[in-house]
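Comments concern the structure below.
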Amino acid sequence: MPRFAIYVRTEDGTIWRHHEIAHQLPGFLDHPYVHEEALVGWPEAKVLWAEETGPTMGLAPVD
């Protein structure tokens, strides 16, 4: 089963990582998470954002 870290990007571009790892994502898949961004300084290598710019939620595959 895929696991994802949940990330948030705020209006000012600040990124933070939720402390739990998601195994099931009911409600999170209402948006396509297709806007990929490399992560530097975080445990995951990339995040897939629901929105290309602005405040949004993101999912990062956990290895």
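Brief remarks on what is shown
- Restricting the range 1-19 to residues that are in contact with a Lys or Arg (Cβ under 8 Å, 6 or more places away or on another chain) and at pLDDT below 95, the residue that is nearest to W49 (Cα to Cα) is I6.
- Lone qualifier among A22, A38, A45, A50 - being surrounded by 10 or more Cβ atoms within 10 Å (Cβ to Cβ) and at pLDDT 95 or above: A45
- Pairing residues of the range 6-22 that are more than 13 Å from V62 (Cβ to Cβ) with residues that are among the aromatic types (F, W, Y) and exposed (fewer than 12 other Cβ atoms within 10 Å of the Cβ), at Cβ distances under 9 Å and at least 6 apart in sequence or on separate chains, gives V8/W16; R9/W16; T10/W16.
- Residue pairs whose Cβ atoms lie under 7 Å apart, separated by 6 or more positions or on different chains, with the first residue in the range 45-63 and of a type in the set (F, W, Y) and the second in a strand (DSSP E or B), are W49/R9; W49/H35; W49/E37; W49/T56; W49/G58.
The values are calculated or read from the model by the stated rules, or taken from the named source; none is laboratory data. Every value quoted in this text rests on a predicted model; they were computed, and no experiment measured them. Neighbour counts are summed over all protein chains in view; Cβ atoms, including those assigned to glycine, are modelled from backbone coordinates with ideal geometry.
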